Amino acid sequence: MNRIRKIETYLISTEVAGACADATRKVDKIGFLIVRATTEEGLEGIGITYNEIGGDATKQLIDTSIAPRVIGKDPFCTEDIWNDLFQYLRGVGRKGLSFCAMSAVDIALWDLKGKITGLPLNRMFGSTVRERIPVYASGGWTSYSDEELLKEIGRFVEDGYTKVKFKVGAAGGISRDLERLRKVREAFGPGLEIMLDANNCWDAATAIRFADRAKEYDIAFLEEPVFADDIEGLRRFREASVVPLATGEHEYTRFGARDLLLRGAVDILQMDTARVGGITEMLKIAALTQAWNIKFAPHCMEFLNLHLLSAFANSLYAERLYIFNEVWDHVFVNLPKIEKGYVEVPKGPGLGLELNMEFIKKASA
Ligand SMILES: [Mg+2]
């Protein structure tokens, strides 16, 4: 049997150039924590989580606590490994960094299952319903001047995207946000699909007032209009607004998804494969979105999500967060090309991605 022989981790971290701030904080550093799980026969699975903060702590948790529990196990038993780690780590966090660590390891095990069987993940999930996945471009920080905002949206459009997301919650209040929105709509016309992200900045009443005034600009969704833990505020927003509600990037596990769904606090669920507990957990979360007949649109980390988006018929699109573009380009040698806002699902085994180990070894040293 192909048992797991070793688990290695590499932390890549870079300073963000320029001032990228959303409504509630500034992003100074970004990076990937890469996991390589290798079997006794030398097959290798890749997993990733990303970090703005705490990448080194996540790495240490994997190296010293998670890896020793996973080594020697059968990589096909992802459910058993997940349950063991969940119980093992439960006292030190059922959200947050523990789950970033678990996610990266779980993704590596799924990639490994694909490598062993020779199957791409979407076929292992049971469907290739879509072979091309729509992708939207994401950025438009509130720290930008209006000119910088228009310039970046212009770059997205030049790069072929027809769907874009930018930030709201700018200094100056909702009348400033509406002005920025008007400028983007007027500059790029009705053909551009616009999504907005408020990054937790408002209370429900402000969010409802904003959405009521913004709806004339045809908004595909408003994301995290209130604090992510204010589920009652999300519910109030959803009941009062015609603008669809997207949320979930700050929730963890199927239990977090359950709470949003049971309380009617989401239209488009955006949980994050690299945070929620990996692919094992995302399969369950995607199934829950189907049971509630809502949309599934995983947060960020587009190349980890293509197979999930391919396999689940109620999924919408992948998110390409532009500040991560350079990291992606450096870390992999065979990223599929995004053209005219679409990307082909890789047909190789597992995730279908190959690491640039030369770069990774140098950058993580
Ligand atoms: Mg967001």
* **Full-stretch length increase - Glu339, Tyr322 - with 0.36 nm per residue and alpha-carbon distance subtracted** => 4.6 nm
* Separation between Cα centres of the range 1-80 and the range 320-335, rounded to whole Å -> 16
* Structure fact -> Restricted to the chain, the DSSP antiparallel beta bridge percent, nearest 5, is 55
* How much length, in nm to one decimal, is gained on full extension between Arg69 and Val242, taken as 0.36 nm per residue of separation minus their Cα-Cα distance? -> 57.5 nm
* Would you list, by chain and number, the aspartates and glutamates whose Cα falls below 16 Å from the Cα of Lys183, excluding same-chain residues fewer than 8 positions away? => Asp146, Glu147, Glu148, Glu152, Glu193, Glu216, Asp218
* **Kirkwood Rh and Cα Rg combined as Rg/Rh, the range 172-229** => 0.96
* Kirkwood Rh and Cα Rg combined as Rg over Rh, evaluated for the range 41-172 -> 1.10
* **Pair Ser175, Gln60: separation of 7 Å Cα→Cβ label points (nm)** => 5.0
* **Simple spin-label estimate for Lys284 and Arg3 in nanometres, 7 Å along Cα-Cβ** => 2.7
* For the range 104-165, convex hull volume per residue from C-alpha positions, Å³ -> 126
* Give me the distance in nm between label points sitting 7 Å out from Cα along the Cα-to-Cβ direction at Asp212 and Lys361, one decimal. => 6.2
* Quantify, in whole percent, the carbon and sulfur part of the accessible surface of the range 186-301 (1.4 Å probe; protein heavy atoms only). => 49
* Asked: Going down the table (Lys59/Lys95; Lys151/Lys295; Lys6/Lys361; Lys95/Lys362), which pairs top 22 Å between alpha carbons?
  -> Lys151/Lys295; Lys95/Lys362
* Sort the range 123-344 into rounded, prolate or oblate with this rule: let a ≥ b ≥ c be the square roots of the eigenvalues of the Cα gyration tensor; rounded if a/c is under 1.5, and if a/c is not under 1.5, prolate when a/b is larger than b/c, oblate otherwise. => oblate
* Structure fact -> Excluding residues fewer than 8 positions from Lys73 in its own chain, the aspartates and glutamates with Cα under 12 Å of it are Glu40, Asp84
* Additional length obtainable on full extension of the chain from Asp229 to Glu41, 0.36 nm per residue less Cα span -> 63.2 nm
* Structure fact -> What helix-only [θ] at 222 nm does the chain give? Using -39500 (n - 2.57) per DSSP H run of at least 4, over all residues, to the nearest 500, the answer is -12000 deg cm²/dmol
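The values are calculated or read from the model by the stated rules, or taken from the named source; none is laboratory data. Quick caveat: nothing in here was measured; it's all calculated off a predicted structure. All Cβ positions, glycine included, derive from the backbone under ideal geometry; neighbour counts span all protein chains shown. Note: areas computed on protein heavy atoms with side chains; ligands, DNA, RNA excluded. Shrake-Rupley method; radii C 1.70, N 1.55, O 1.52, S 1.80 Å.
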